[in-house]
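Structure record follows, encoded as C-alpha cells.
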Amino acid sequence: MLGPLTVAVTELQLGPTAFRGAGQARSLDLCQAPGHPMVLIKWYTADARNELNRHALDALVAWRSGLEPSDRAELDRRCAWPRATVTDDDGVCGVLIAPAGEDFGDTLRRGGRSVARPRAIDDLARTREAAARVQLPYYEAPLKLAVLARLVETTQWLHSHGFAVGDLQPKNALFATEGGIRVHLIDCDSCVFLDGAPVFPPADPESWKLPGARGFSEVTDYGKLAWSVVRSVQENLEATTIDEAGLRAVIDSRTLETIVACSRGEVLPETPGVWASRARTWPRLVTPSGLYVTVDGSLLRRWDPLPRDPDPADFSPPAPGPADDYVPPPPDAPDVAQGPAPDPVQMPDPASATPASVSSEAGRAVAGNRRTPPPRHRDRLVYAVVAVLALVALALAGYGVHAAVTWLEGLF
C-alpha cells in the first residue's frame, strides 16, 4: 500500500544518519514517515525552495502513485523517484526518496575508519594513476561502456513514459557491477514532463550545456549521454573536444558519428535507434571469458588494456544478425540483464541478479587491470601448427627408413 503523497515535517522520525547535500539539497537524513518506512528526506536549500514549482513537483509524485504495480516497481528499480513532498509552515521543504542499496557505493579506509561513498558514473573517468592513488577501482573501457549502456536504457525508458531526465550528469547516476551491471538515477526531482514545466529552472554547469538549448528535452539528454561516453573513455570530466582516434579504438564509426552529432545538439530520426542498439550490445561485451570492444568492419576484438600492435588473432568475425545490431556477442556471452531493484534498506540478493560469472569478470577488470589471456582461437592455431610439424617429422622418418633399406639391398 502506498503512503501519503504529502507529509508534514512534524510527522518525520529522523534517524542518526545524515549526509551532506549538494545542488538543491541542503542535506539528506535517513528517516521514517507514516506509510514510508526507512526513506531519505532531501532537505531543499533556501534558494531551491524559492525557485521550486510546487505544481510540477506534485505532478511527479502523483505520477508514480498512479502507475500499475509492475511499472512502479520498474521505476523504483531504475530511479530514486520522489515519493512524497514534505511541508512545513512555509511550504515544501523537501521530498522523500528511497535510498540506493549498499552495492551502489565503495568503502574507503580513512584514518583507520571505514567510510562509505556513493559510486557515481563520474567514477568511470578515473585514470589508472588516480585509482591507485585513492585506492579505488579503475574501470576498463568495455566496462565503462557497459555501465553507460544501462544509463541509456533508463534514459530511453523515461523518454517512453513522457519524461526528459533533465539534470543528466554522471554525478547524478549511481552504478553497481557485482550481481549484474545496474544503474540507479538520483536527483529525479529534476526530471520533467516532455510537455510540461520543470520543478526547478534548468541550471546545467557550463561543461554540460548544449549549444542553443533552452530547457530540458530528449535532445539535451542525448547530448549529455554523448559527453558522458566521451569523457568516460577519454578519462577527463572537463573535456570539451572529442578524441575521435581514441574513441575508434572502442567504438565503430557509426556510433562515433552519432555521439559527435548529439554532442552538438543534433538528434536525427535514427538517433534513438542507434543508442538503443548500443544499449543492448555494450553490456554483452563483458563476458566470463574476457572483455571485448567493437571496431569498424563488424569485428569483435578482445580488449587488451596494454598498448601494443594489433594482432590478427585478436579478431573474430561476427555471426549474422540484424543490421543495426552491428556486433553480436561472442558465443559464450550471456545476455546481461539489468538486475533487480535494490531493496530500500537491505542489500539485494545476489542470487536473484544476473549470472555471478559475469560480475566476476567485471570485478577482475575493475580490480586487477591484468592483461587478458590469449584468445581460444590462438590456442587452436598453435595446436594445428604442432600437428603439422609432427606429420612432417613422421614423413621424414619414413623417408629415412626407406633410404636405409635401399642402401642395404645394394650391399647384397
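Given a Förster distance of 30 angstrom, what is the FRET efficiency for Glu206 paired with Ser289, based on the Cβ-Cβ distance and rounded to 0.05?
Plugging the Cβ-Cβ distance into 1/(1 + (r/R0)^6) gives 0.10.
Just tell me which lysines come within less than 20 Å, Cα to Cα, of Lys224; anything on the same chain fewer than 8 places away is out.
Result set, ordered by chain and number: Lys144, Lys171, Lys209.
Provide the FRET efficiency to the nearest 0.05 for the Ala197-Leu5 pair, computing r from the beta carbons and using R0 = 22 Å.
Approximately 0.70, to the nearest 0.05.
Could you work out how much longer the chain between Arg248 and Glu129 gets when fully extended? Use 0.36 nm per residue separation minus the Cα distance between them, nm to one decimal. Display every interim value, and only then the final one.
Details: separation 119, 0.36 × 119 = 42.84 nm, distance 2.31 nm.
Extra length from Arg248 to Glu129 when fully extended: 40.5 nm.
Using only the Cα atoms of region 64-194, what do you get for the radius of gyration and for Dmax, in Å?
16.6, 51
Modelled label-to-label distance, Gln32 and His161, 7 Å Cα→beta-carbon offset: nm?
2.8 nm
Assuming R0 = 30 Å, what is the FRET efficiency of Asp88 and Ala18, from their Cβ-Cβ distance, to the nearest 0.05?
Rounded to the nearest 0.05, the efficiency is 0.95.
Where a number appears in this text, it was derived from the coordinates with a stated rule and is not lab data. Being a predicted model, the structure only gives us computed values, none of them experimental. As a convention, Cβ positions derive from the backbone with ideal geometry for all residues, glycine included, and neighbour counts pool all protein chains shown.
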